[in-house]
Amino acid sequence: MNKSALGRTFVTACFSILTMVLPAQSQTFLKAKGRLITDGKGNKVILRGMGLGGWMLQEGYMFKLGNTGQQYRIKARIADVAGAEYANRFYDKWLTNHTRKIDIDSMASWGFNSIRLPMHYALYTLPVEQEPVAGQNTWLEKGFAMTDSLLKWCKANHMYLILDLHAAPGGQGNDLAISDRDASKPSLWDSPANQQKMIALWKKLAQRYANEPYIGGYDIINEPNWGFEKATDRKGTEETRNAPLRQLMVDITKAIREVDKNHIIIIEGNGFGNNYRGVFPLWDNNMVLSFHKYGNFNNLGSIQNFLNMSRDNNVPLWMGESGENSNTWFTEAIKLVEGQNIGWSWWQEKKIGINNPLEIKLTPSYQKLIDYWYGKAPKPSQSEAIATLDEFLENIKLENNIYHRDVTDAMFRQVKTDVTVPFKSVTVIGKATINAVDYDLGSQRKAYYDKDTSSYQYTPGVKTQGNRGHVYRNDGVDIEADNDGYHIYSMEDGEWLKYTFNVKQAGVYTVKLKVASEVGKGKVSLNLETVHYPGKAITTKDWSYLEFKNIKLRKGLNKLQVNVDEGGLNFKAIEFVKNK
């Protein structure tokens with residue numbers, strides 16, 4: 001997509017290739033009915049959601065600051081270079097710019113029917129150590145007003161909004177960044193005051209939204225990761241009883257039900273949402289079990305434990321958080337869970353990086369600031385830092401993001417069909433060029449074949465990762481930047497790419513592949529014809545051409561497939577010239 005046209009086309013980009021239709025539910029509350037989530041009429045509802053990670057709660061890795069981690073530490077670094085007053089203004093502007101109505105409208109047009117809001121408690125109430133009167137709760141309008149606006153945008157698009165307490169008072173685990181936890185202060189589990197504040201916050205939220213049917217449910221605690229039985233169990237994966245977690249969730253549910261008997265209560269186990277040992281039996285008749293799935297295989301065995309829990313307790317499942325992987329993994333994961341009547345929510349709409357619908361641009365000035373924070377560059381002046389951060393605040397707006405159509409295509413269209421479609425529309429009129437990186441939209445083995453298509457970062461012994469260049473597209477194909485765009489690199493034996501294009505006038509054409517590096521044996525498949533090219537070593541670093549003459553192209557759609565029988569090919573473009 002032409003990035004300069006991005007702002008003009010986002011809201012109307014409801015692609016004709018998508019077969020997903022927004023649900024036409026009347027305003028009815030979602031309910032847990034046996035092992036299904038249903039609407040008020042008892043119809044099955046599959047939640048297809050996107051999380052707003054990075055809006056109310058930042059984690060350092062989203063912005064190339066993995067060494068910083070928690071949001072409060074990021075804010076301190078901003079204050080260091082730009083001043084404390086500016087840091088406060090920066091965060092106010094961040095909350096204004098990051099997620100707006102245009103974001104929700106766009107997500108609805110792409111096919112999402114729900115939004116998961118990761119909430120930071122400190123936008124709704126003061127931390128316990130800042131309360132003027134110990135044991136009381138000071139309510140802050142900012143968080144509630146933001147939630148009200150988001151709900152309004154969701155309702156306009158007939159989308160459900162799921163509230164997720166992502167950063168609980170004190171922090172709910174040893175993974176500090178996900179809850180903005182300051183480890184020098186009492187955690188959620190070390191402080192009864194923090195727990196009481198959390199219970200009170202949920203009751204306050206339930207009072208406010210008790211009669212709002214577009215609130216899909218209350219995800220009451222995100223990813224607890226804590227060893228109650230032994231402190232060395234830092235992730236909570238070895239916990240066998242989970243007694244404090246269960247008790248807190250029971251207490252929160254009781255407080256919610258005092259004011260709201262309508263909404264689903266969504267719970268998460270220990271060990272980042274997945275360890276439910278000791279949590280059963282359930283204590284409410286309108287509950288959903290959430291599990292989070294990252295970096296493992298997309299087979300039935302990977303979710304069988306949760307399917308067993310659902311069956312044994314007659315309760316619905318929801319894959320409440322996932323993503324951070326390749327398009328192939330996305331399609332496979334969604335097919336897997338939807339095949340079991342399980343809805344899903346991806347982690348974040350936008351960050352720096354290609355594996356989300358929107359990418360925040362990494363500018364040279366921001367890279368210089370990152371380099372300073374990593375100790376690789378001198379400290380910028382205050383004016384330089386403010387200019388850089390102001391630019392960053394503009395770049396987080398949707399119209400200044402890079403839209404990754406390949407990601408949303410993988411999450412919706414490719415789940416339903418193996419048909420490939422052009423990544424960009426190309427019509428050959430006498431002559432034309434297709435950039436190599438613009439191979440068709442479609443799944444692995446349909447639009448392309450690559451030996452390394454997904455990341456299994458949580459699967460021991462598996463070191464694959466998909467696009468090793470981490471630019472332009474989120475498929476398995478390896479892409480890197482060059483002086484005038486992008487090219488495909490390190491194509492291995494047996495890999496191939498498919499291109500669909502339109503031809504204005506049938507005829508005989510010369511087709512040239514713009515290549516570099518060592519070229520092995522390969523072939524170009526064009527419609528039903530196959531042209532082989534011999535092995536040829538190209539030692540220069542500059543681009544060269546492999547030329548194929550007398551190729552017949554028919555009028556209308558044509559399909560060309562570039563196959564590499566022996567690897568080593570770097571591939572820049574395909575050029576067409578009609579013979580006279």
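The values are calculated or read from the model by the stated rules, or taken from the named source; none is laboratory data. Keep in mind that this is a model prediction, so the values were computed, not measured. Backbone-built Cβ (ideal geometry, glycine too); neighbour counts: all protein chains shown. For the accessible areas, the whole protein counts, side chains as well, though only heavy atoms, and no ligand, DNA or RNA atoms are used. Shrake-Rupley method; radii C 1.70, N 1.55, O 1.52, S 1.80 Å.
Of all DSSP beta bridges in the chain, what percent run antiparallel (nearest 5)? In the chain, DSSP labels about 65 percent of beta bridges as antiparallel.
Shape class of segment 402-490 from the Cα gyration tensor (axes a ≥ b ≥ c, square roots of the eigenvalues): oblate, since a/c reaches 1.5 or more and a/b does not exceed b/c. When segment 164-244 is described by a simple charge dipole with +1 on each Lys and Arg Cβ and -1 on each Asp and Glu Cβ, the residue from Y218, A193, S179 located farthest towards its positive end is A193.
Contact order, relative form, for the chain: 13 percent (alpha carbon pairs under 8 Å, 6 or more residues apart, mean separation divided by residue count). Local charge for G69 was computed over the other residues whose Cβ lies under 13 Å away, with Lys and Arg +1 and Asp and Glu -1, and equals +1. Over the residues of the chain, the helix contribution to mean residue ellipticity at 222 nm works out to -8000 deg cm²/dmol, using -39500 (n - 2.57) for each DSSP H run of at least 4.
The value obtained for segment 472-531, namely the Cα convex hull volume divided by the number of residues, is 145 Å³ per residue.
Each Lys or Arg adds one and each Asp or Glu subtracts one; over the other residues with Cβ under 14 Å from the Cβ of K203, this totals +3.
Loop-located chymotrypsin sites (Phe, Trp or Tyr not before Pro) in segment 450-536 (DSSP state other than H, G, I, E, B) with a sparse environment of at most 14 neighbouring Cβ atoms within 10 Å: Y458. Axis angle, to the nearest 10 degrees, between helix 382-395 and the longest C-alpha principal axis of the chain: 80 degrees. Residues in segment 322-426 average 35 Å² of solvent-accessible surface per residue, probe 1.4 Å, ligands and nucleic acids excluded.
Within the accessible area of the chain, the carbon and sulfur atoms contribute 50%, probe 1.4 Å, all protein chains present. Give the angle, between 0 and 90 degrees and rounded to the nearest 10, that separates the Cα long axis of helix 364-373 from the longest principal axis of the Cα atoms of the chain. Orientation of helix 364-373: about 50 degrees from the principal axis. Ranked by the mean number of other Cβ atoms within 10 Å of their residues, highest first, the peptides 278-284, 476-482 fall in the order 476-482, 278-284. As a length-normalised measure over Cα pairs under 8 Å and 6 or more apart, the relative contact order of segment 70-172 settles at 32 percent. Using only alpha-carbon positions in segment 327-474, the gyration tensor eigenvalues give semi-axes of 33, 22, 16 Å once each is multiplied by 5 and square-rooted (largest first). Highest-first packing order for the peptide set 32-45, 108-121 is 108-121, 32-45, based on the mean count of other beta carbon atoms within 10 Å.
Between the Cα long axis of helix 192-209 and the first principal axis of the chain there is an angle of about 70°, rounded to the nearest 10. Projecting the Cα atoms of P460, L245, V437 onto the charge dipole of the chain, computed from C-beta unit charges around the Cα centre, puts V437 farthest toward the positive end. Judged by the mean number of other Cβ atoms found within 10 Å, the most tightly packed of the peptides 76-83, 140-147 leads the ranking 76-83, 140-147. In terms of overall dimensions, the C-alpha atoms belonging to segment 231-380 reach 56, 36, 34 Å along their principal axes, ordered largest to smallest. Enclosing the Cα atoms of segment 430-558 in their convex hull gives a volume equal to 130 cubic angstrom per residue. For segment 21-177, the fraction of C-alpha pairs more than 25 angstrom apart is 42%.
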